[in-house]
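In what follows, a single structure is set out as structure tokens and then discussed.
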Amino acid sequence: MVVSLVNLGRLDYAAALALQQQVCGLRQQERIGDVLLLVEHPPVLTLGRNAQRQHVVASSELLARRGISLFETNRGGDVTYHGPGQLVGYPILNLRGFTPPLGIVEYLRLLEEVLIRACADYGVLTQRAPGRAGVWTIPGGTAAEKKIAALGVHVARGVTTHGFALNVTTDLDDFALIVPCGISDRSVTSIEAEVDPAPSLEQVANSVVRHFGRVFGRQVVWVETLDDLVSGGVPLSSPTVSAGLL
């Protein structure tokens with residue numbers, strides 16, 4: 001079984017969301033196979049289905065001055081931040097195509113495993129936190145655990161959208177705009193903040209792709225363009241991208 005990997009480079013959130021929806025529809029129709037989209041977003045805030053608006057600490061005026069948009073989405077979870085230096089992955093998988101079929105909780109645990117292994121490649125030891133989705137550093141001494149990756153997904157007709165966001169060289173000061181994932185008693189971190197020298201976004205992307213294939217038991221195959229996903233030459237909306245990840 002194959003997962004097609006598409007590198008979207010740096011792309012604004014609205015365009016990436018539209019592409020997710022388009023690719024998801026094609027997957028639900030079984031016109032394409034499973035897909036993993038990798039992307040880096042300009043600064044943006046997104047609200048999940050369980051989000052509380054008061055967890056956006058910044059005023060609308062401040063967000064407007066900084067050119068930061070806010071999107072309400074159908075993914076699980078609360079509010080999160082995406083921005084430069086963060087590796088965002090949108091797996092569009094048919095969970096019914098696995099043997100046995102994957103449930104949503106099992107799927108989330110597998111995504112966490114991918115990120116735990118990728119962080120370990122660079123000497124950052126992480127773990128799951130009971131009752132809290134995502135990936136967290138392992139506390140040492142008096143240091144508390146910190147969140148290094150957020151997860152939020154949606155499943156419709158067995159097909160997933162949204163996914164994960166791993167802080168690589170992210171500007172952590174931008175998380176002051178929100179209460180990340182609605183959790184006020186823990187802070188966030190990045191690979192760059194945990195190790196020196198820090199790997200590049202490209203290096204971490206390669207690790208994530210490698211472990212994604214191993215954890216999900218799929219061969220990951222690079223696809224040059226979105227149009228290559230579709231047999232019969234039906235074009236997808238191809239965005240303008242920059243700053244390639246891989």
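The values are calculated or read from the model by the stated rules, or taken from the named source; none is laboratory data. Note that this is a predicted model, so its numbers are computed, not measured. We place every Cβ from the backbone using ideal geometry, glycine too, and count neighbours over all the protein chains shown. The area values use the complete protein model at the heavy-atom level, side chains included, leaving out ligands, DNA and RNA. Shrake-Rupley method; radii C 1.70, N 1.55, O 1.52, S 1.80 Å.
Quick look at the numbers
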{"quantity": "Wholly within the stretch 62-168, strands (runs of 3 or more DSSP E) carrying at least 1 residues that are among the hydrophobic types (A, V, I, L, M, F, W, C) and closer than 24 Å to Val44 by Cβ", "calculated": "69-72, 79-82, 86-92, 132-137, 147-156, 159-167"}
{"quantity": "Flag if Arg10 is of a type outside the set (Ser, Thr, Tyr), touching a residue at least 60 places away in the same chain (Cβ under 8 Å) and out of contact with any Cys (no Cβ under 6 Å at 6 or more places or on another chain)", "calculated": "yes"}
{"quantity": "Single residue of the stretch 130-163 satisfying the filter (farther than 17 Å from Gly85 by Cα and among the charged types (D, E, K, R)) that is most open to solvent (accessible area, probe 1.4 Å)", "calculated": "Arg157"}
{"quantity": "Candidates Asp171, Asp196, filtered to the one that is without any contact (Cβ under 8 Å) to a residue 24 or more places away in the chain and of a type in the set (Asp, Glu)", "calculated": "Asp196"}
{"quantity": "Search result, residues across the stretch 36-65 that are of a type in the set (Gly, Ala, Ser) and either within 25 Å of Leu201 (Cα to Cα) or surrounded by 13 or more Cβ atoms within 10 Å (Cβ to Cβ) (or both)", "calculated": "Gly48, Ala51, Ala58"}
{"quantity": "Meets criteria (modelled with pLDDT under 95 and surrounded by fewer than 24 Cβ atoms within 10 Å (Cβ to Cβ)) for Ile116", "calculated": "no"}
{"quantity": "The listed residue being surrounded by fewer than 20 Cβ atoms within 10 Å (Cβ to Cβ), among the hydrophobic types (A, V, I, L, M, F, W, C) and closer than 26 Å to Leu229 by Cα, out of Val88, Val2", "calculated": "Val2"}
{"quantity": "Of all residues in the stretch 164-192 being crowded, with 20+ Cβ neighbours inside 10 Å and at pLDDT below 85, the one that is farthest from Ala129 (Cα to Cα)", "calculated": "Ile178"}
